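The block underneath contains the structure these notes are about, expressed in structure tokens.
The values are calculated or read from the model by the stated rules, or taken from the named source; none is laboratory data. As the structure is a computational prediction, the values presented were derived from the model and not from experiment. Virtual Cβ from ideal backbone geometry, glycine too; neighbours counted across all protein chains shown. Protein only, heavy atoms only, side chains kept; ligands, DNA and RNA dropped before computing areas. Shrake-Rupley method; radii C 1.70, N 1.55, O 1.52, S 1.80 Å.
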Amino acid sequence: MTATIFTGISELRTVSEAGTVKDAALVAEDGVVAFAGPAAEAEHLGPADERVDLGGRAVVPGWVDSHTHLVFAGDRGEEFEARMAGEDYAAGGIAVTMGATREAGEEELSRLVAERVALANSGGTTTLETKTGYGLNTEAEELSARIAAQHADDVTFLGAHLVPPGADPGEYLDEVTGPMLQAVAPHCGWIDVFCERGAFNEEQSRRVLEAGKEAGLGLRVHGNQLGEGPGVRLAVELGAASVDHVNYLTDDDVEALASSQTVATVLPACDLSTRQPLAPARRLLDAGATVAIASNLNPGTSYTPSIAFCITTAVLQQHLTLDEAIEAATAGGARALNRHDVGGGKDPQGRPARGTLVPGASADIHVLDTDQAIDLAYRPGVPLAWRTYKAARRVA
Ligand code: NIG
């Protein structure tokens, strides 16, 4: 057994019933939290193999980024610039990235994904979900899923991101729900569908999700991003773990989310980059829904892994308190991935939970280069990421 004690913590946001502990310490044993609380109590716990003095800095759980699209090549800077000059965002841009992704070989794609994971780690992210969805044929989707599984904690099959240009929608869905699903399933735990005008309608989305469920995958939905629609309703009806974007919600949608287990995942960086109204995170929390905050890193609508930026936006513009925003980007993301604490620091599968610093959970910690976490919103844009540890091992 290897024990590490982290001392010199000015404030420890545990994202648990223990709340915020001042002048704290954290002890990890074999990568799992053994103690998180007042420093004075930790000193009685016995010798550690390693002592890490964090020098009076604030600590939060590592970010749990539950929505990213890391597997792509190329970029869409021109499309973004045109959007900033007044063009609308449309789902069709996905086809541009599809072309670049299909052209890149396995080695290049792996390198790009590894770089993106490292950048996310350096911003405090310790758990990453990522999706396929820029291959859009069986061979390229299988490759995307395989690469994703080598780098991310959770992999989601998103063959139903767009009908590739020139393809027949019916035939493409036959492929997605047949050979493509079979090819990617060994690498994926989740299936997702872009349920939106210009992408897949309710009936098509239902077909995709039901096929994924049949194959043993958990469900996620991209919904209500560009207008009101069936995404939220469908996600709740089919028991999806999460419905993501949720910019345009009716009162019924909010009510449905509040009375379900489906997490409403908001993507503030994407909302700003697409000039959509910010998702109503305050309204969702007030109604009793579980909210997650994620980066949505992708080349079309959100070319950033920065959860700190998302938290700043959530606090300053979406009217969340700092604790609510931190919880959404840690425990909220963990719930969206079924990795939340269900007791004793374990998740529903009995693994060390993510997104909380309680005994039994994974010792995933993000050390801020300041003594108070409120600086995430109070000092917008200031680089506050100092170090990141995943399972007590330094990753940035
Ligand atoms: O989550 N909305 C659908 N998919 C991505 C963007 C895809 C793209 O435009 O490349 C998203 O925003």
Do we have any residue at all in segment 241-248 that's assigned to a helix (DSSP H, G or I), of a type outside the set (D, E, K, R) and either in the same structural domain as GLY198 (by the TED database) or modelled with pLDDT under 95 (or both)? no
Find the residue count for segment 124-159, including only residues that are under 30 Å from ASP369 (Cα atoms) and either open to solvent by less than 30 Å² (accessible area, probe 1.4 Å) or in contact with an Asp or Glu (Cβ under 8 Å, 6 or more places away or on another chain) (or both). 10
Top-ranked residue in segment 282-300 [being of a type in the set (S, T, N, Q) and either open to solvent by less than 10 Å² (accessible area, probe 1.4 Å) or part of a helix (DSSP H, G or I) (or both); ranked as nearest to ARG83 (Cα to Cα)]: ASN298
Considering every residue within segment 202-211, establish whether at least one is under 25 Å from ARG83 (Cβ atoms) and open to solvent by less than 30 Å² (accessible area, probe 1.4 Å). no
Need pairs with beta-carbon distance below 6 Å; first residue of a type in the set (Val, Ile, Thr) and within segment 329-348, second at pLDDT 95 or above and surrounded by fewer than 20 Cβ atoms within 10 Å (Cβ to Cβ); sequence gap 6+ or separate chains. VAL342/PRO348
I'd like the full set of residues that are more than 17 Å from the chain's Cα centre (by Cα) and either open to solvent by 50 Å² or more (accessible area, probe 1.4 Å) or free of Cβ contacts under 8 Å to residues at least 24 places away in the same chain (or both), limited to segment 349-374. GLN349, GLY350, ARG351, PRO359, ASP369, ASP371, GLN372, ILE374
Odd one out for ASN338 among (1) assigned to a loop (DSSP other than H, G, I, E, B); (2) on the phi < 0 side of the Ramachandran plot; (3) out of contact with any Lys or Arg (no Cβ under 8 Å at 6 or more places or on another chain): (2)
Could you list, in sequence order, all residues of segment 258-280 that are open to solvent by 30 Å² or more (accessible area, probe 1.4 Å), in a loop (DSSP other than H, G, I, E, B), within 16 Å of the ligand (Cβ to nearest atom) and closer than 23 Å to ILE326 by Cβ? LEU278
Hey, GLU255 hits all of (1) of a type outside the set (Ser, Thr, Tyr); (2) open to solvent by 10 Å² or more (accessible area, probe 1.4 Å); (3) under 24 Å from ALA334 (Cβ atoms) but one; which does it fall short on? (3)
Looking at the structure I just gave you, is THR304 of a type outside the set (A, V, I, L, M, F, W, C), within 16 Å of the ligand (Cβ to nearest atom) and open to solvent by 10 Å² or more (accessible area, probe 1.4 Å)? yes
Over segment 229-240, the set of residues in contact with a strand residue (DSSP E or B) (Cβ under 6 Å, 6 or more places away or on another chain) and part of a helix (DSSP H, G or I) is GLY231, VAL232, ALA235
Here the qualifying pairs (Cβ atoms under 6 Å; residues six or more apart or on different chains; first in segment 121-133 and more than 18 Å from ARG102 (Cα to Cα); second within 16 Å of the ligand (Cβ to nearest atom) and part of a strand (DSSP E or B)) come out as THR125/ASP65; LEU128/ASP65; GLU129/ASP154
Checking ALA42 against (1) open to solvent by less than 30 Å² (accessible area, probe 1.4 Å); (2) more than 22 Å from the chain's Cα centre (by Cα); (3) away from the ligand (no atom under 12 Å from the Cβ); (4) modelled with pLDDT of 95 or more, which single condition isn't satisfied? (4)
